[in-house]
Amino acid sequence: MDKNIIEVKDLKVHFEVKKSFSQDVLGKGKKLLRAIDGISLNIREGEIYSLVGESGCGKTTTGKALLGLVKPTSGKVLYKGADINNLDKHKAKDFRRKAQMIYQDPYQSMNPRDTIMDIVAEALDVNHLVKTEKERTERVNEALVQAGLFPPKDYSYRYPHELSGGQRQRVVIAGAIIMNPEFIVADEPVSMLDASIRTGILKLMLDLREKEKLTYLFITHDLSLSWLVSDRIAIMYLGKIMEEGLSDDIIKRGLHPYTKALTAIMPIPGAKRKEKRDVLPGEAPNPLMEVTGCKFASRCPIAKPICLKEEPQLREVAKGHFCACHFV
Amino acid sequence: MELLEVKNLRTYFDTQEGEYKAVDDASFSLNYGEALGLVGESGCGKTTCALSIAKLLPKEGRVKGGEIFLEGIDVVKLSDEKVREKRWKEVSIIFQGAMNALNPVMRVGDQIAEAIVLHENIKKEEALKRAGDLFELVEMPRERIKNYPHEFSGGMKQRAMIAMALALNPKLVIGDEPTTALDVMVQAQILNLLEKLRKELNMGLILITHDLSILSETCDKIAVMYAGKVVESGTVDDIFKHTSHPYTQRLIACFPNVGKDKEIPDEIKGTPPNMFNPPTGCSFHPRCHMAIEICKVKEPPAVSLGSSHCSFCHRAKEIFNG
């Protein structure tokens, strides 16, 4: 558990956004969207590491950058010590096999005209990993069983529209684990599913971690789910990590004002609230804006003048508990 | 007189494969100023209930039986003409996915004014002024009525949809998953807003969702639906503290006990029944952990467990008494 499988060092991913055609012709109006603006993190082997934040905070971009699906503007992503953006062809192919992604929407991430068999086997076919039809069927069946779709023959010749949302997400997981990966980025794997079947998918993910020795990056906006499954949680806001620590530390002893705001609105079934919810006003600012100082200052209930000038650094406030705030 | 009383509602869809029983015996009621949460898995008939109340069913759908009393008048029996007068004035719906419910090539203010002009004999300028007032009511700057939907964020679009739903001072507003597509922080903002408006305007609110966790903070009453039926209904305390239906128990158990026990709760195994051909007896029995022989053959009757609390389960009393 102590060895790092992923190391991210001061990673930045900026996108150039064009304003309009006329401005483009005149050579102005190019703006930078700072999707990730300098984050560093380590994910240990066998760990489930959660990234939590509102839409547009850079969670998904981080997930993609960790898989080499977007190129960093600066900084490095190391997989077992090797820079993933600087691998030779052979090693890059190997990395692609070992690092897989589970997407959010099981209704749109599958080709509706392919059978489940073809969808799950796609990675095998593309990489020419199986020679005979029999071997292919065996591998697919094995993956379907691992993903909890039993007996596999009931599923393999059906089409995505014939399955429920939970079953589809299991197919997506089968498609990822068929490559025997070591590291999986799960991007909101349950947020499109009914509350009644979410926990089944999470259980499956945890089972696979035990059996297949997997490591996960779990991307979610739901703090309660991230607490439930993960070892450590990082809270992201506008491309920056605001707080990082053990999941219990974040939920029970969260220090950053943004973390506190998120835990305050976490709905708890059965709990009645006497007073109004303490909600942050407004929405997360546009990442196109250039922010000096703390990124959260514009919505922070305890912001002081220094927050607008100086950006707080992520520093260790207790063992393994990091926070980026001037007043913690 | 209650604001809304739905009695044994049955709404079926005619399809090529036969009759689809989307809503099959649902009953609930709501008073002025009250909020009711309608909760259940996808496909349990929540939205169909809402569409039946507003008489907005697609042409394949029809109300096969039951009554829907809105201020004492049965809307099922009303002519389309009459309903068109009432709709939006008395019942309005905030649709699911605000992102897609607004017309992208029309200014938001014009869309709201359109509804007002159609129902009330006033000039467009006046209607636009009302739209501005409504924007202020939902805590948005009034000059934003001149914007197009793409200039709004998700939360603002949802606010605009709420403003539109309130345009004619309805007595009953139905929110169909009004916060599902939104961020957590924005979700909390919208729920706060709905709560504030409900109290200020003394309107009835039906909140449709599959997320039980948001209901206890927002609603007075909850009706749990399964396979087209309301299987348990009662106050928030009845449902959460004196749960008396196995399905409700399982739904509540699906949520993590934050900060306490880090055990992943069990999902509800299996899938909701096929409503072309629902199971005999209690429709939940194939997935129920407490099912006994009688559940397979006999439909459970309504078991009253208090003035407001009702459960449709053969073993309701047993569960109620713990």
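Values in this text are rule-based calculations from the coordinates and carry no lab data. Quantities reported herein were computed from a predicted structural model and do not represent experimental measurements. Cβ atoms come from the backbone with ideal geometry, glycine included; neighbour counts cover every protein chain shown.
Numbers for the structure displayed
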quantity: Whole-Å distance, taken between Cα centres, linking the range B:189-220 and the range B:295-322; calculated: 27 Å
quantity: Theoretical gain in end-to-end length, B:ASP133 to B:ASN202 [0.36 nm per residue, Cα-Cα removed]; calculated: 23.0 nm
quantity: Footprinting exposure proxy for A:LYS211, B:LYS262 (fewest neighbouring C-beta atoms within 10 Å first); calculated: A:LYS211, B:LYS262
quantity: Cα centroid separation - the range B:81-134 against the range A:213-263, whole Å; calculated: 41 Å
quantity: All aspartates and glutamates inside 14 Å of A:LYS134 as judged from Cα atoms, apart from same-chain residues fewer than 8 positions distant; calculated: A:ASP118, A:ASP125, A:GLU142
quantity: Spin-label model distance (nm) - A:SER40 vs A:ASP248, 7 Å beyond Cα toward Cβ; calculated: 2.8 nm
quantity: All aspartates and glutamates inside 17 Å of B:LYS82 as judged from Cα atoms, apart from same-chain residues fewer than 8 positions distant; calculated: B:GLU67, B:GLU71, B:ASP74, B:GLU90, B:GLU120
quantity: Chain A: angle of helix A:116-126 to the longest principal axis, Cα-based, in degrees nearest 10; calculated: 80 degrees
quantity: Prolate/oblate/rounded label for the range B:104-168 (Cα gyration tensor, a/c 1.5); calculated: prolate
quantity: Cα-projected label distance for B:HIS289 with B:ASP237, points at 7 Å along beta-carbon direction, nm; calculated: 2.7 nm
quantity: Förster radius 56 Å - calculated FRET efficiency between A:ASN286 and B:GLU2, Cβ distance, rounded to 0.05; calculated: 0.75
quantity: Kirkwood hydrodynamic radius of the range A:4-238, from inverse mean 1/r over distinct Cα pairs, in Å; calculated: 18.8 Å
quantity: 5 angstrom amide H check on B:TYR226, placed H, neighbours 5+ away; calculated: B:VAL231
quantity: Anchor B:LYS86: lysines whose Cα lies under 24 Å away (excluding residues fewer than 8 positions away in-chain); calculated: B:LYS7, B:LYS46, B:LYS55, B:LYS59, B:LYS64, B:LYS77, B:LYS123, B:LYS124, B:LYS129, B:LYS171, B:LYS199
quantity: Length gained when the stretch A:ARG315-A:THR132 is fully extended (0.36 nm per residue, less Cα-Cα span); calculated: 60.4 nm
quantity: Chain B: C-alpha gyration tensor shape, a/c 1.5 cut-off, then a/b vs b/c; calculated: prolate
quantity: Nearest-0.05 FRET efficiency for A:ASN85 and A:ASP207, computed from C-beta distance (R0 25 Å); calculated: 0.20
quantity: DSSP beta bridge pairing in the protein assembly as shown, given as percent antiparallel to the nearest 5; calculated: 60 percent
quantity: About the Cα centre, charge dipole magnitude for the protein assembly as shown (Lys/Arg +1, Asp/Glu -1 at Cβ), debye; calculated: 1120 debye
quantity: Contour minus Cα-Cα distance for B:LYS77 and B:LYS59 (0.36 nm per residue); calculated: 4.8 nm
quantity: Sites B:LYS269 and A:SER20 - FRET efficiency at Förster radius 56 Å, r taken between beta-carbons, to 0.05; calculated: 0.60
quantity: Whether the protein assembly as shown is rounded, prolate or oblate, judged on the alpha carbon gyration tensor where a/c under 1.5 counts as rounded; calculated: oblate
quantity: Residues B:LYS82, B:LYS123 arranged by fewest to most Cβ contacts within 10 Å; calculated: B:LYS123, B:LYS82
quantity: Over 27 Å (Cα to Cα) - which of A:LYS64/B:LYS262; A:LYS30/A:LYS309; A:LYS272/B:LYS196 fall in this group; calculated: A:LYS64/B:LYS262
quantity: Whole-number D in µm² s⁻¹ for the range A:1-103, Kirkwood Cα-pair radius fed into Stokes-Einstein, 20 °C, 1.002 mPa s; calculated: 141 µm²/s
quantity: Two-site label geometry, B:LYS260 and B:LYS123: point separation in nm, points 7 Å out along Cα→Cβ; calculated: 6.2 nm
quantity: Peptide A:220-231, shielding by other chains (average Cβ, 10 Å cutoff); calculated: 3
quantity: Fewest-first ranking of A:LYS240, A:LYS295, B:LYS64, using other Cβ atoms within 10 Å as the exposure measure; calculated: B:LYS64, A:LYS240, A:LYS295
quantity: 222 nm mean residue ellipticity, helices alone, for chain B (DSSP H n ≥ 4; -39,500 (n - 2.57); rounded to 500); calculated: -9000 deg cm²/dmol
quantity: Shielding by partners, peptide B:175-188 (average Cβ within 10 angstrom, other chains); calculated: 5
